[in-house]
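Student: Take a look at the following structure, please.
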Amino acid sequence: MPGKNDSITEAMQWVSKITTIGAMFALPPIIGMWLSEKLEIPCIGLLGLIIGFSSGLLGILSMCKTPEKNYKIKFSDGKPSSIVCGTCEMESYNPNDIKNKYCGNCHIFHEDKK
C-alpha cells in the first residue's frame, strides 16, 4: 500500500521539522540561563533568549520558503519532448508524463510552485 507509507513518511518529516524548530527556540535560552547561573553573568541568559528566538524564526522562515521547480521539460521543435525529474534525474518521453508532470521512477506528480 504505497499511499499509507507515503502518508507515514510525510508525517514523520513534519514531526522532525516541528521538533527541530522547537529545539531551536528552547535550547539556547535554557543553555544561556544555565551558563548565567554557573558563571554569574546575567546577560548570558538574555543572549541565549535572543539567539533562540532568532534561530527559531529563521528555521520557520526557511521551512516556509517555496521550493524551486523540481523538474525540467525539454523542448524539441517548440514542443515538449521529455520531462526530467529533479529528484532522481530520470528522463521520460511519455506524452502523458510530460502533460501531468509525472515521474514514473519516483511515482510522484511534480507541482508548479507559485
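Student: For segment 70-114, how many residues are part of a helix (DSSP H, G or I) and touching a Pro at 6+ places or on another chain (Cβ under 6 Å)?
Tutor: The qualifying residues number 1.
Student: Any residue at all in segment 56-67 that is out of contact with any strand residue (DSSP E or B) (no Cβ under 7 Å at 6 or more places or on another chain), hydroxyl-bearing (Ser, Thr, Tyr) and in contact (Cβ under 8 Å) with a residue 40 or more places away in the chain?
Tutor: Taking every residue of segment 56-67 in turn, at least one turns out to be out of contact with any strand residue (DSSP E or B) (no Cβ under 7 Å at 6 or more places or on another chain), hydroxyl-bearing (Ser, Thr, Tyr) and in contact (Cβ under 8 Å) with a residue 40 or more places away in the chain.
Student: Here's another thing I want to ask about it. Which number in (1) at pLDDT 90 or above; (2) under 27 Å from residue 111 (Cβ atoms); (3) hydrophobic (A, V, I, L, M, F, W, C) marks the one condition that residue 64 misses?
Tutor: For residue 64, the exception is condition (1).
The values are calculated or read from the model by the stated rules, or taken from the named source; none is laboratory data. Just so we're clear, the structure is a prediction, and the values are computed from it rather than from any experiment. Positions of Cβ are backbone-derived with ideal geometry, glycine not excepted, and every protein chain shown enters the neighbour counts.
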